[in-house]
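Data first, discussion second: the structure below is written as structure tokens.
Values quoted throughout were computed directly from the atomic coordinates according to the rules given, and no laboratory measurement underlies them. Computed from a prediction, not measured in an experiment: that's the story for all the values here. Neighbour counts are summed over all protein chains in view; Cβ atoms, including those assigned to glycine, are modelled from backbone coordinates with ideal geometry.
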Ligand code: KG4
Ligand code: ZN
């Protein structure tokens, strides 16, 4: 018999993502982003994102089916991100998925957004090698996960205690007068800069990052770094020093990627896991990839970086995880579940 056809719905932030997989084969991955609607606000506005999902959801599903050359009626199961993410945005996806599942009479699976970022590697290479550490870095989240089994054994080892890594890029860009989203602009400016020009603080350096109440020491903090950059710029203005944007951008970028890579490698070493998978929109950052490649190679760790279209939020990752849950024979999620903005793994 043919492998099951699974449709995945992702609406946790500003991307309306629909993915369709047959077993472990990706058939469609359509993403429609409300990013342009958020530019004038300098960041994602939850209410604007929710409304955009409402408008985009049905056309996105139709487009994905057309791309995959399947009929909606042929879908065997629906998977949807139930959290974490923006509450209102999640609710649109969850409500849509419930309606679709009940209209089609097909089972519905609620999946975790963070685990889905990791599961995407299954459709990229046909399998996920475990155990693996995952470093997820985006505008909305920053986490280190230990994945022993993608369906049944995913542990959160660390997360940001304030701003997400991408958010730090966006906030510093704003400070420098660069438009949202600022991450790509900062990393472009940094290409011509000297990353040793300014020594910015590394948030929660390992020795200080002992949080026994949470039981791990792979947390991140980026709000102090943002303040340090703001103070540096103020001082330069006051003293009439020229601000070299490329040097500032490169030095800031280095502070972010230094802690991200150091802690990801440390997590691998402490757990004895010699695989690291990168996910999230900040995976587009070339310095992050470069330093990760250097440090993982030095530590004998195998680094996996899926294509960027699968690193940013998308429906393929949700469908991929849904298909895996189905493959295990787990029962569908009861239709009474809701969106859970603070869901953890
Ligand atoms: O995963 P994503 O597309 O959306 C969510 O945040 O959910 O990630 C977007 C984030 C933004 O904060 C953006 O500034 C950042 O990723 N970003 C980058 C780069 N490209 C995107 N940050 C640093 N360097 C980049 N090249
Ligand atoms: Zn994400």
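Here the label points at residue 262 and residue 55, each 7 Å from Cα along the C-beta direction, are separated by 4.5 nm in the simple model.
Using only helices, what value at 222 nm comes out for the chain when you add -39,500 (n - 2.57) per DSSP H run of length 4 or more and divide by the total residues, to the nearest 500 deg cm²/dmol?
Numbers: 11 runs with 150 residues, N = 345.
Value at 222 nm, helices only: -14000 deg cm²/dmol.
Between 0 and 90 degrees, the angle of helix 165-175 with respect to the longest Cα principal axis of the chain falls at about 50 degrees. Comparing 254, 143, 69 in a Gaussian network model of the chain, where Cα atoms under 10 Å apart are tied by springs, the biggest mean-square fluctuation is seen for 69.
Largest GNM mean-square fluctuation among 255, 299, 319, using the chain with Cα springs under 10 Å: 299. Distance between the pseudo-spin-label points of residue 274 and residue 328 (7 Å out from Cα toward the beta carbon): 2.7 nm. Compared with the alpha-carbon gap, the fully stretched path from residue 335 to residue 227 is longer by 34.4 nm at 0.36 nm per residue.
Please give the helix 223-238 orientation as an angle from the longest Cα principal axis of the chain, in degrees from 0 to 90, rounded to the nearest 10. With both axes taken from Cα atoms, the answer is about 40 degrees. Each part gets one Cα centre, and for the stretch 3-63 versus the stretch 66-123 those centres are 10 Å apart.
When both bridge partners sit in the chain, DSSP labels roughly 60% of those beta bridges antiparallel. Residue separation of residue 161 and residue 99 scaled by 0.36 nm, minus their Cα-Cα distance, works out to 18.7 nm of gained length. Using only the alpha-carbon atoms, how far is helix 87-104 inclined from the longest principal axis of the chain? Give it as 0 to 90 degrees, nearest 10. The angle comes out near 20 degrees.
Protection proxy ranking, highest mean first, for peptides 132-138, 238-244: 132-138, 238-244, where packing is the per-residue count of other beta-carbon atoms within 10 Å, averaged.
The alpha carbon centroids of the stretch 240-271 and the stretch 159-205 are separated by 8 Å. When peptides 93-101, 75-83, 187-195, 245-253 are sorted by average Cβ neighbour count within 10 Å, with the highest value leading, the order is 75-83, 245-253, 93-101, 187-195.
Please arrange 198, 186 by how many other C-beta atoms lie within 10 Å of their C-beta, fewest to most. Provide the component values of the computation, followed by the final result.
Details: 198 19, 186 26.
Starting with the residue having the fewest Cβ neighbours, the order is 198, 186.
Using the Cα gyration tensor of the chain, with a ≥ b ≥ c the square roots of its eigenvalues, what is the shape: rounded (a/c below 1.5), prolate (a/b larger than b/c) or oblate (neither)? The shape class here is prolate.
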